[in-house]
Structures are given as C-alpha cells and as structure tokens.
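Colleague: Mind having a look at this structure? Questions to follow.
The values are calculated or read from the model by the stated rules, or taken from the named source; none is laboratory data. Predicted model, so just to flag it, every value in this text is computed and none were measured. All Cβ positions, glycine included, derive from the backbone under ideal geometry; neighbour counts span all protein chains shown. All accessible areas refer to the heavy atoms of the entire protein, side chains included, with ligands and DNA or RNA removed. Shrake-Rupley method; radii C 1.70, N 1.55, O 1.52, S 1.80 Å.
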Amino acid sequence: MFDHILVPLDGSSLAECVLPHVVALARAFESRVTLLQVMEQTRTRASGSERFVDPLGWYMGAAEAKTYMSNTVTRLQRVGLSAEHVLLEGSAAERIIEFARRHEIDLIVLSSHGRSGLSGWNVSSVVMKIILRAYLPLMIVRAYQPSIGALTELRYRRLMLPLDCSRRAECVLPPATNLARFYDSELLAVHVVSEPQMPHQAPLTRGESQLLDRIIERNHLAATRYLKQLASRLDVDVQTHLATSNHVAATLHELTDQADVDLVALSAHGYSGVTKWPYGSIVINFIGYGVTPLLIVQDFSSEEIEHTRAEMATREYKGH
C-alpha cells in the first residue's frame, strides 16, 4: 500500500515535525523511508544586476546537509525503520516531484512549513507546489501545532473519514483501516447531507419548501443506510456521524475540533470525480484551512489528471 515513503526535509526543526508521523506510518505499513533534501544554489549579487553561484557557500551547505541527513537517518534506523537519504540540487518542488515519480513513491509526507518559517498561510509556497503537482498520496503535518515529542510516542487514537457515499471516496478505506487495526484506533465515518441551494429573492413557496424537505429526507435516509452498511463490513471500531448543513466544509471542520481527531483521511475526489483538478473542493478546503494532520489518497493517476495551461505552456516553451 505505502511501501515507499518520501520525506522532504530542509534541515529545519519545523520540517522535522513530520518524523513521528513517518515512524507511525512506516511501522503500520512496513514501509521503507527515503529522506530527501534539495540544495538550492546560493547566489551572491555582484556589481550591477548579475548574479553568480557562491561555490564555497554551496559546498559548506552541502556538507552540513549530508551530516544532518545522515544523523536523521540514524535516528530512524535506531527505532527500527529501513531508511536512507538522498541529496539533490535545484528547485525544491520540481526535484521532489521528479524524484517521487521516478522512484515509484507511494506516499509523500510533508511539513506545512520549513526553513522559511511559519506564515499566515496554512502551507508554504513550496509545499503547495508539491501538493498541486505530485498527483500522489500525501500527508500534510501542521508545523504550527505543538510538537509530539519522541519519535515513537505517536498513536492515532481517532481517525476521521469524511465520505460522500461514493465508491470513489472509499479509496481512503484501505490505508485508514490498516492504521486503525495497527493502533487500535477508532474510525469516525462522517457524512454531511448538503442542503440544496435554491437561489431566490422572495421567500420560498410552500411547494418549494416541501420539495426541499423531501430531497433532504431522501438523502438523509440514503446516507443512513450507507453508513450502517459501511460499519458492518469493516473489521475495525467504526463510529458514524450524520449531519445536515448548508455548508459541508464548515461542518466537517467543526466536527474535527469537537471529536478530538488525530488524523483526517480523505480521497482526493469524491462523487463528482472531475479529472480537471487534482483535488475536489472539500480536500482543497482542508489543505487551505485544516489544522490537523491530513492524509490524502489520490484516486487518479498523473496520466488521468488534466495538465493545466500553465504546465503545457511551460513544456512547449522548453521545447523551443
């Protein structure tokens, strides 16, 4: 399932917030781990507007990075993980994505922030680039949350699975149930019945209100049956929660806080399954505004997801 885990690091303590999660995941899935650091060229301004690479600064930085990565690998090996490290040069996001595709990475574990420091954005610009273009399963760990402590202390007690009753959304079930079995966790399967939008300037007529109520009731009954059937076929502790709301994402965020969830696990797409974008709207919302660790299982391959116009234009430009 997650046989090979890639962990981008940059030498900062913020980026290291992923390590307890890496240990927890690697133990549950018996994964091998590759730590990857990308050295970006150190440039110094010369007279005028020209820039050149500072070779001394680069070699010193590379030596420090090798020592850091070697020490981090040793820490992981001491707790029983199969780990190695790789040092590359270039643009961080591009090299990480290239490495992941070439080496058949099954999961990338990312800290929301790294060496550049915390910011008002929920994820850094480099991390967002990787998220949008990797087309692979990802875990995002929030660097601004309190640190867990020792590498082996993390236990997932409660995992929340937002589901929309579609088969596509269920692609998150295999890794989630595997984690639940390994850590004796509780799965909280959640469905939010969305109240249909009926744009209007005047109050709804009685007939329109009755139609709205019938649609909600029908969807509520279908979701009830789905969650009951889901709980009966999983061999782990499953709790279900059904809500009705005019804002699905807001309700899911509230439940995440109220239920003291350790990990939110989502399929990249749900019922709509639109290949034009790598993620559906709920996943994008959790990337941008979620505060708990987030596991995203990609249900489309990189060949199925449409390339953006910017990506295609860049490829054409490079070909000239």
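Colleague: Checking Asp237 against (1) free of Cβ contacts under 8 Å to residues at least 24 places away in the same chain; (2) of a type outside the set (A, V, I, L, M); (3) more than 16 Å from Ser166 (Cβ to Cβ), only one condition comes out false. Which one?
Modeller: (1)
Colleague: Would it be correct to say that Leu161 is modelled with pLDDT of 95 or more, assigned to a loop (DSSP other than H, G, I, E, B) and crowded, with 17+ Cβ neighbours inside 10 Å?
Modeller: no
Colleague: Next question. Tell me whether the stretch 177-189 contains one or more residues that are out of contact with any strand residue (DSSP E or B) (no Cβ under 6 Å at 6 or more places or on another chain), assigned to a loop (DSSP other than H, G, I, E, B) and open to solvent by less than 30 Å² (accessible area, probe 1.4 Å). Working first, answer last.
Modeller: Kept after step one, since they are out of contact with any strand residue (DSSP E or B) (no Cβ under 6 Å at 6 or more places or on another chain), are these residues of the stretch 177-189: 177-179, 181-184.
From the residues that got through so far, the ones that are assigned to a loop (DSSP other than H, G, I, E, B) too are 184.
Cutting the leftovers down to open to solvent by less than 30 Å² (accessible area, probe 1.4 Å) gives us none.
The answer is no; no qualifying residue exists.
Colleague: To continue, here is another question. For the stretch 112-126: of the residues being under 13 Å from the mean Cα position of the chain (by Cα) and open to solvent by 10 Å² or more (accessible area, probe 1.4 Å), which is farthest from Leu81 (Cα to Cα)?
Modeller: Per the criteria, the residue is Asn122.
Colleague: Would you confirm whether any residue within the stretch 95-110 is small (Gly, Ala, Ser), at pLDDT 95 or above, open to solvent by less than 70 Å² (accessible area, probe 1.4 Å) and over 24 Å from Tyr183 (Cα atoms)?
Modeller: Checking the stretch 95-110: at least one residue is small (Gly, Ala, Ser), at pLDDT 95 or above, open to solvent by less than 70 Å² (accessible area, probe 1.4 Å) and over 24 Å from Tyr183 (Cα atoms).
Colleague: Ok, one more. Could you check the stretch 244-263 and list, in sequence order, the residues that are more than 20 Å from the chain's Cα centre (by Cα) and open to solvent by 20 Å² or more (accessible area, probe 1.4 Å)?
Modeller: Those that are more than 20 Å from the chain's Cα centre (by Cα) and open to solvent by 20 Å² or more (accessible area, probe 1.4 Å): Thr244, Asn246, His247, Gln258.
Colleague: Among the residues of the stretch 264-283, write down those that are in a loop (DSSP other than H, G, I, E, B) and open to solvent by 70 Å² or more (accessible area, probe 1.4 Å). So that I can check it myself, show each step before the final result.
Modeller: Of the stretch 264-283, the ones in a loop (DSSP other than H, G, I, E, B) are 268-280.
If the condition is that a residue be in a loop (DSSP other than H, G, I, E, B) and open to solvent by 70 Å² or more (accessible area, probe 1.4 Å), then Tyr271, Ser272, Lys276, Trp277 are the ones that fit.
Colleague: Inspect all residues belonging to the stretch 192-201 and state whether any of them is crowded, with 18+ Cβ neighbours inside 10 Å and closer than 27 Å to Gly288 by Cβ. I'd like the intermediate steps shown before the answer.
Modeller: Residues of the stretch 192-201 crowded, with 18+ Cβ neighbours inside 10 Å: 192-193.
With the extra rule that they be closer than 27 Å to Gly288 by Cβ, the set shrinks to 192-193.
Within the stretch 192-201, one or more residues are crowded, with 18+ Cβ neighbours inside 10 Å and closer than 27 Å to Gly288 by Cβ.
Colleague: Within the stretch 284-295, is even one residue touching a helix residue (DSSP H, G or I) at 6+ places or on another chain (Cβ under 8 Å), in contact (Cβ under 8 Å) with a residue 40 or more places away in the chain, exposed (fewer than 15 other Cβ atoms within 10 Å of the Cβ) and under 22 Å from Pro137 (Cα atoms)?
Modeller: Yes.
Colleague: On to the next question. Evaluate the stretch 220-232: report whether one residue or more is in a strand (DSSP E or B), open to solvent by 30 Å² or more (accessible area, probe 1.4 Å) and among the hydrophobic types (A, V, I, L, M, F, W, C).
Modeller: No, that holds for no residue.
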